[in-house]
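To start, the structure under review is shown below, and the notes come after it.
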Amino acid sequence: MKIGLVLEGGAMRGMFTAGILDVFMEEGVSVDGVIGVSAGAAFGVNYKTGQIGRAIRYNTRFCNDKRYCGFWSLLRNGNIYSTDFAYGEVPLVHDKFDFEAYSRSPMPFYMVATDVETGEAVYHEYGGYEDHLFDWVRASASMPLVSQIVEIEGRKFLDGGIADPIPLRYFEDIGYKRNIVILTQPDSYEKKESGILFAVRLMYRKYPKLVKVLEERHLRYNETLRYIREKEAAGEILVLRPQEALPVSRVEKNPQRLRDVHAIGCAMARERLDAVRAFIRGCKSLVHGSGEPSAVNGD
């Protein structure tokens, strides 16, 4: 039985996830595999490299830099988060992503993107530097309407959260039967139908299957939440979520707000650390009881 970690997206709500993962790294909490969507992919990759604090560090440093994100970037190159700077200069020059550590780690890291032509989720085990550099990360995190479509090997992708916002079922299907799920909305949250579907239908009129998935996005998200609550009640998953809506915008320009949300995530992780370790120990006990080897390396 493998233990997985499932990371929801949510743009800069992902600082909550980054805070939790920083504490996990500090405390040596490890799992067998990770799957991240959108910001969950972009910030979660640091968990595989062990780069504590990297996500909050570069985001607070560059959130006010027009080269990094904002409407200047959107008008200039069609991406609210710059392809060249946010996915190029920052991880390669200014706050280097440790590709060597990523390659050394045996823990699989999966990313989710949405195929714009089929409207279906694509699940990709990201291989690091040789795997199209950061294109898969960018594809997973390319929010509709404010990002250009990302092309990889002839296929076209946008944000993975469109087709599968919280890919718990997929991880269960490939063998991760016990999972820790990090959400970025409180338990009371219910997704509403988008108020800008007219813009979606206009911009993506060449991709009717994508439009349909975007029209039904709120239904899919809320159904997934119901499934998560059932699994949580049965004790089959452990969920970490904020207690209330996080005080941050999707493209946050205030570094203190980013720090505040990161701190909320850190506090949540420390508060639930005993529960996390108990959950992992319980999963190990189930594995050992069945006579199967455990692939989890410590708590």
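The values are calculated or read from the model by the stated rules, or taken from the named source; none is laboratory data. Nothing here was measured: the structure is a model prediction, and the numbers come from that model. Please note: Cβ atoms are built from the backbone with ideal geometry, for glycine as well, and neighbour counts cover all protein chains shown. We work out accessible area using only protein heavy atoms, side chains counted, and drop any ligands, DNA or RNA first. Shrake-Rupley method; radii C 1.70, N 1.55, O 1.52, S 1.80 Å.
Here are some notes:
Results for (1) without any contact (Cβ under 8 Å) to a residue 12 or more places away in the chain; (2) closer than 27 Å to Ile166 by Cα; (3) surrounded by fewer than 21 Cβ atoms within 10 Å (Cβ to Cβ); (4) of a type in the set (Val, Ile, Thr), shown as yes or no for each residue.
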| position | (1), (2), (3), (4) |
| --- | --- |
| Val31 | no, yes, no, yes |
| Gly53 | no, yes, yes, no |
| Gly70 | no, yes, yes, no |
| Lys96 | yes, no, yes, no |
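- Picking from residues in region 241-273 that are over 16 Å from Ala55 (Cβ atoms) and among the hydrophobic types (A, V, I, L, M, F, W, C), the one that is least open to solvent (accessible area, probe 1.4 Å) is Leu273.
- Filtering Glu190, Glu151 for residues that are surrounded by fewer than 15 Cβ atoms within 10 Å (Cβ to Cβ), assigned to a loop (DSSP other than H, G, I, E, B) and among the acidic types (Asp, Glu) leaves a single hit, Glu190.
- Figure legend. Inter-residue proximity from region 193-219: first residues in a loop (DSSP other than H, G, I, E, B), second residues open to solvent by 60 Å² or more (accessible area, probe 1.4 Å) and not small (Gly, Ala, Ser), beta-carbon distance below 7 Å, spacing 6+ or different chains. Indicated pairs: Tyr207/Glu117.
Rundown of residues vs (1) assigned to a loop (DSSP other than H, G, I, E, B); (2) closer than 20 Å to Pro242 by Cα; (3) among the aromatic types (Phe, Trp, Tyr); (4) out of contact with any Asp or Glu (no Cβ under 6 Å at 6 or more places or on another chain), yes/no style:
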| position | (1), (2), (3), (4) |
| --- | --- |
| Gly19 | no, yes, no, yes |
| Val23 | no, yes, no, yes |
| Val29 | yes, yes, no, yes |
| Ile35 | no, yes, no, yes |
| Lys48 | no, no, no, yes |
| Arg61 | no, no, no, yes |
| Lys66 | yes, no, no, yes |
| Lys96 | yes, no, no, yes |
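- Against the test of being within 24 Å of Ile182 (Cα to Cα) and either in contact (Cβ under 8 Å) with a residue 12 or more places away in the chain or crowded, with 17+ Cβ neighbours inside 10 Å (or both), the options Asn64, Asn59, Asn77 yield a single qualifying residue, Asn59.
- Checking each residue in region 195-222 for being modelled with pLDDT of 95 or more and either in contact with a His (Cβ under 8 Å, 6 or more places away or on another chain) or among the aliphatic types (A, V, I, L, M) (or both) picks out Leu197, Ala199, Val200, Leu202, Met203, Leu210, Val211, Val213, Leu214, Leu219.
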